[in-house]
Structures are given as structure tokens and as C-alpha cells.
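For reference, the structure is listed below as C-alpha cells.
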Amino acid sequence: MSNIGKTLLKLLGKLLLIALGFFVVTFTVYFFNLDMKLTAAIEPFLLRHYDKIERNTHL
Amino acid sequence: MAKEIGADRFGDFYIDGGKVRRRREWRGVSDTLYDYSRWLVIMATLGKFVMKPRNVKAMFRYRWMANYLAVPMMVDRHTQGLRGEYLRICHTEQDLVIDDVAKLLDSLFRGDRRMGNDTEFSKKVVLVDENEMTAVMMGFPTLKCLSRETPSTYVSVLLNQHAAEHYIDVAQEFGLAGDVCPMPEAEAGVSIDDDAPVLGACAVQCNTTCDGSLLGNGVISRRLELEDGIPVFQLAAPLRHREDDVQEYAAQEIRNAIAFIEKHTGVQWDWKAYFECAKRVNYATKCRQEWLEMNRTPYPQVFGSNLALYTETNYMAICGRVAAFEKADRTITRLARQAYEKKMRAAKEYRHRAIVWGVQSHYYMDFLVWLLNCWGIVPLTDMLSMVSTREIREEDTPENREQAYYDMAWLTENMIMRNRTHGGYRVLLDELWEFTQQFNADMVILWEHMSCKALDGMHGMFEDRARELGIHLVWVEHDLFDPRIISRQGVRDQINTYMRTVMREEPIDPSLEVLHDEESW
Ligand code: SF4
């Protein structure tokens, strides 16, 4: 196999590995609902922050 | 973990007292991968949204923005148990609605004086109510028609059942009565709490849907006009919308609204754009009628929340103005035909065919999915999906231009909800029984929204007619935006009690009968 062929094969292998890694990580997040578990943990901090904002509250 | 429809115990996905579910469903390889790929698309939409600093800034300024943390979960709630075409129909709709709301938010913050403060953009913005047909905007393709209430209250409660509570409390702290419908009350609360984006050349408010919304609009327009300097037009559409003698007045209101928008934006009405939108409105109506036709057979295809949520958005907020919805109509119809030919069913057992009537609980929109999965009750159609089926003129001729004012008036008068909660008892009561016959339904699930005076007055009449016709009438009380009054389990208990005591049935999925989801989004 020529050098170019080898480099291309290596590149393809790397790309496949990255794609596989992406799939494993994102599918785990998806399946175990980790995205929602994380945002649920963020919400209380945001709510406390909103309570501190100065507002021009009136009718 | 099961590929087959109905093999899962859906109650096992809930965490007692938790905000979110334990995990997502395994639906077999192809459906799980499809659902996963759509989840990636939703994540990409959200990712794109937070790339803009002004949107992140808005996230830290507006309390209701916290509800958008729950976007993927809203989709999961509506796709529970779905496989094949049903799953694809649901994603076609939900993903489009999410994309549309993300664009709406982005535009609001672009023009918002506190965020992007793009004044040139703001001059092209016309604010509209959340509960308003956007028909008067069909001929203004270069203007941006934006609703602040849609993302702050309407969508927020779909995302998080507790979203409106803070704003309801704020409104009541300022003396608004506690028995007012929580929808307009929460919208007023957002304005009182200084939590609405400020932008726009002008605003058009509508007396849809009732006295409650008039109250809310009064509070909001006061701030808009007196403080923010944004002029507001009050579009007063007749409530007796089936009467011929109100139509001339209704058409004049439309002419006046258009003249108002032209005056404040400097943009002229465009008939070509109007008739293009009219074609899309007719196409959406044609598709919906085909779906309803299928729902009259033993093989309903687009029903439950797949029908309800999409109809609301497509008919009212979009009103032919967004071409992507026409494409979605086509896709949904194709998928529904496919499933119909294969005689597919969305759940393992269909026991009862139901018409869902009344104004549905907003904090429990996935109740329709629960009805199907827990008790095998098929929600064939709902009151808000039974909107106008009248075809409007779509050819640009001098006579049709005159008729167009009447068509826009008709659409505005027949906005979902007010077309049944107002207009006399024929539209609310008599037509319900006609639909039960047309759809061969043996059951009516009647939402009783306790703050909606329009509906509550007819309680006894509904009971009398159901008894005469031998239809099972199940009342389900709720308070629209406020789960503190009647919780989701409180809603479910009313069905559970009826099904066990009157129908003497056992649930199909007993794990769903009692769920501790009071803290859930
Ligand atoms: S639910 Fe009833 S009270 Fe509330 S906005 Fe609609 S018509 Fe008005």
C-alpha cells in the first residue's frame, strides 16, 4: 500500500474512533437521561438568582 | 426494556418525588436510534441558541427562561410508549415547534431593549397575544409577529408544571382575584413582575378568549403604552361568532387592525403574501380533516397530544405564515396514511373511544398519553382541535380581497378555545354529541377548568345529554396553569375512580395508576 493509502486509512480509523466515542458518550447521556438530571440540578441555583434581581414591579 | 408496544411498565421510569425520569425508553434498535437522533437534533437547536451571548444574558434575567432547561423532557413525555410512525409523527411536530419557539425567543431577545437592543429590528416587530389568531399578520411578510406570552407562560407550563405559579402569586399580591383563569392571570403577573422583554413598533391585543383575557390585556397594555411607549390596538372580535349579523363588524375590526399596523410600522399590506398564507391555511385544514377522518375508523392515527399540540400551534400561532409547517403537514399525512394502511395501533389495547372536551389542563398536557397507556382510552380528538374547517379564499381577485377581511375575521373569531367556550351552547354542547356519533365514541372526558366560567355554567346540561345518549361522561377538574389547586395525581385519580367504580375495569398498566410526580417538571 502506498504512503497516501496508509495515511488515509489511519485518518479513517481515527474518524471512526471519534465517531464511536461520540456515539458512546452521547448515547449514554441520552439513555440514562443524564442531560435532564444535570439541568434539574442547575435549576435551583437559577431560581435563587432570579430572586435577587432588582425589578420595577408594579401594576 | 422492550421493543413491543406496551411491554414496558411506564410507572417504573418515574423517580418518586423526582423532577426528571430515571432513564429513557428502549424501543427496539431502529426506534431507539431514531429517538436518539432526534434528541441530538434538539440538543443542537438548544446549543445553537445558547451560542449567542444575548440569549445567555436573557437566561439570567427572565425567570421563565429556567423552564427551557426541561425542553428534552417535554418531548419524552409526549413520546412515551410510541413506536414506528407514531413516534415519527410526534417528532416531526415537536421538533418543529421547538425550532419555532427557539427562533421566537431569539427574535424577542434581539429586539429587547434590555438584551440585544437592535432598534432597527424592533421597529419591524408587532407584538401579539399568545391567545390570538395571527391572521392579521398574514399580509405583512417583512414584519416580525412576536408573542411575548407564548414563551413566558404558554410554552413554559408545557415544559414545567410549576412554571406559572410565581406569576399567579405576583398577580394576586397586586390584588387580582384568585378565581380568575390562571392563564391571563399569569400573563399579567409576568408584566407586573417586570419580566417581559420590551420591544416592538406596536402591539395588537385581542379579546380572545374571554373576560379573563381582557383583564390580563388591560394590565399588560397599561405598561406597554404608558411606560414603554408602545401603542396597542384592541382587536375586539365578536363572541357570538356564528351569527351572521356580527360579521360585518368583525371584518371592520380587521381593516382597522391592518390600518393601525401600517401606520405604526410604515409597511404596506401585501396581498400576494396574504393569499400564499391562505393557501397554506387551507392545506393545513385539509390535512387535519383527513386525520380526523381516519380517527373515525377503528384505526385512528393522528390523535391525542399528537393532534392537540400541533393543531394549536399550526392553526393559531402560525396561521399559514411559516412554510415549514406545510412540509410538516405533508410528512405527518404521509406517515398517518402508511400506518393506517398497516392497520397500526399506538398501544397494546384500545378499550374505549373518547372525545376529550373542555379546556385541557396545561400543566398536564401528556395526560392524553397517560389515558391511552394506563386505561386504553383512545383520545380520538379534543375540543381545541375541532376548529374551523371552512375553506378561505386563496385566489387573488378583487372580490376575494374584500372577502379576505371576512375570512381573517372568521379565523380570529374562531381561534381555538373561544370558538367553543363562546358562541352559544350549540358550539359547546350540541356539537359535542354530534362528534361522539361521528367518531363512534363511547366516552367523553370532560375537562372542567374550575376558573373558566364559560364552561362551568353548563355542567348540568352536559350530564343530562350524556345520560340520554348513554355516553360515559367523566369529569376531570383542574385549574389550567396551577397544579397546586389540583395536582396531576388529582387529575388521574378522577379517571381511576371512574374506571374502577363505574366501569369496573383494571388498568392496562397498573404502574401508571398512582405516580408521585408532584415535584416533576
Ligand atoms: S380557559 Fe376559559 S377562562 Fe381561561 S382563557 Fe380560556 S376561555 Fe378564558
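The values are calculated or read from the model by the stated rules, or taken from the named source; none is laboratory data. The shown structure was predicted, so the numbers you read here are calculated from the model rather than taken from an experiment. With ideal geometry, Cβ positions are generated from the backbone for all residues, glycine too; neighbour counts draw on all protein chains shown. Each accessible area value is taken on the protein alone, full model and side chains, heavy atoms only, with ligands, DNA and RNA left out. Shrake-Rupley method; radii C 1.70, N 1.55, O 1.52, S 1.80 Å.
Taking trypsin sites (Lys or Arg not before Pro) across chain A, the ones in a DSSP loop with at most 14 further Cβ atoms lying within 10 angstrom of their Cβ are A:R55. Principal axis extents of the C-alpha atoms in region B:10-512 (largest first, rounded to whole Å): 63, 51, 48. A dipole drawn for chain B from +1 and -1 charges on Cβ atoms has a positive end, and of B:A164, B:C277, B:I230 the residue lying farthest that way is B:C277.
Based on the mean of other beta carbon atoms within 10 Å per residue, what is the order of B:154-164, B:4-14, most packed first? Walk me through the intermediate numbers first.
Numbers: B:154-164: 24.7, B:4-14: 16.1.
Output ranking for B:154-164, B:4-14: B:154-164, B:4-14.
Which of the peptides B:459-465, B:359-365, B:180-186 is most tightly packed, and how do the rest follow, judged by the mean count of other Cβ atoms within 10 Å per residue?
Working: B:459-465: 13.9, B:359-365: 24.3, B:180-186: 28.1.
Descending packing order for the listed peptides: B:180-186, B:359-365, B:459-465.
Approximating the spin labels as points 7 Å out from Cα along Cα→Cβ, the B:V50-to-A:L16 distance works out to 3.3 nm. Sparsely packed loop sites in region B:343-408 (the GluC sites (Glu not before Pro) outside DSSP H, G, I, E and B with at most 12 other Cβ atoms within 10 Å) comprise B:E391, B:E395.
How much FRET efficiency would the formula 1/(1 + (r/R0)^6) give for B:Q437 and A:R55, where r is the Cβ-Cβ distance and R0 is 60 Å, rounded to 0.05? Kindly include the intermediate steps, with their values, before the conclusion.
Working: r = 53 Å, r/R0 = 0.89.
Calculated value: 0.65.
When each of the peptides B:23-31, B:61-69, B:243-251 is scored by how many other beta carbons lie within 10 Å of its residues on average, the order from highest to lowest is B:61-69, B:23-31, B:243-251. Farthest toward the positive end of the dipole of region A:3-52, out of A:I42, A:L11, A:T28, is the Cα of A:L11, where the dipole comes from beta carbon charges about the Cα centre.
Take each residue of peptide A:36-44, count the partner chain Cβ atoms within 10 Å of its Cβ, and average: the result is 6. Per the accessible-area calculation with a 1.4 Å probe, the total area buried between chain A and chain B rounds to 3100 Å².
This model, with +1 at the C-beta of Lys and Arg and -1 at the C-beta of Asp and Glu, gives region B:296-393 a dipole about its Cα centre of some 400 debye.
Determine the calculated [θ] at 222 nm for the protein assembly as shown from helices alone, applying -39500 (n - 2.57) to every DSSP H run no shorter than 4 residues and normalising by the residue count; nearest 500 deg cm²/dmol.
Working: 22 runs with 292 residues, N = 580.
After summing the helix terms and dividing by residue count, I get -16000 deg cm²/dmol.
If both residues of a DSSP beta bridge must be in the protein assembly as shown, then about 5% of such bridges are antiparallel. Take each residue in B:188-197, count the other chain C-beta atoms within 10 Å of its C-beta, and the mean is 3. Using the Karplus relation 6.51 cos²θ - 1.76 cosθ + 1.60 with θ = phi - 60°, the per-residue 3J(HN,Hα) values for region B:415-424 come to 4, 3, 6, 5, 5, 10, 6, 10, x, x Hz, with x marking Gly and Pro. Computed on protein heavy atoms with a 1.4 Å probe, the accessible areas place B:F60, B:F49 in the order B:F60, B:F49, largest first. Straight-line cross-link partners of B:K286 among the lysines, defined as a Cα under 18 Å from its Cα and at least 8 positions apart when in the same chain: B:K327. The trypsin sites (Lys or Arg not before Pro) of region B:305-400 that meet both conditions, a loop assignment by DSSP and at most 13 other Cβ atoms within 10 Å of the site Cβ, are B:K342, B:K343, B:R390. Anisotropy class assigned to the protein assembly as shown is rounded, per the alpha carbon gyration tensor with a/c under the 1.5 cut-off. Charge dipole of the protein assembly as shown (Cα centre as origin; +1 on each Lys and Arg Cβ, -1 on each Asp and Glu Cβ, all else neutral): 2680 debye, rounded to the nearest 20. For B:K19, the lysines whose Cα comes closer than 19 Å to its Cα, not counting residues fewer than 8 places off in the same chain, are A:K37. Dipole orientation for region B:72-198: of the candidates B:H78, B:A102, B:S147, B:A102 has the Cα lying most toward the positive pole (charges on Cβ; Lys, Arg +1; Asp, Glu -1).
Could you work out how far helix A:3-31 tilts from the main Cα principal axis of chain A, as a 0 to 90 degree angle to the nearest 10? It is inclined by approximately 30 degrees. For B:K263, the lysines whose Cα comes closer than 26 Å to its Cα, not counting residues fewer than 8 places off in the same chain, are B:K123, B:K124, B:K144, B:K272.
Cα centroid separation, region B:393-432 to region B:49-103: 31 Å. FRET efficiency for the B:T119 to B:E518 pair, using the beta carbon distance and R₀ = 51 Å, is estimated at 0.70. Assuming charge only on the beta carbon of Lys and Arg (+1) and of Asp and Glu (-1), the dipole of region B:10-50 about its Cα centre is about 180 debye to the nearest 20.
Counting only DSSP beta bridges whose two residues both lie in region B:10-512, roughly 5 percent are antiparallel.
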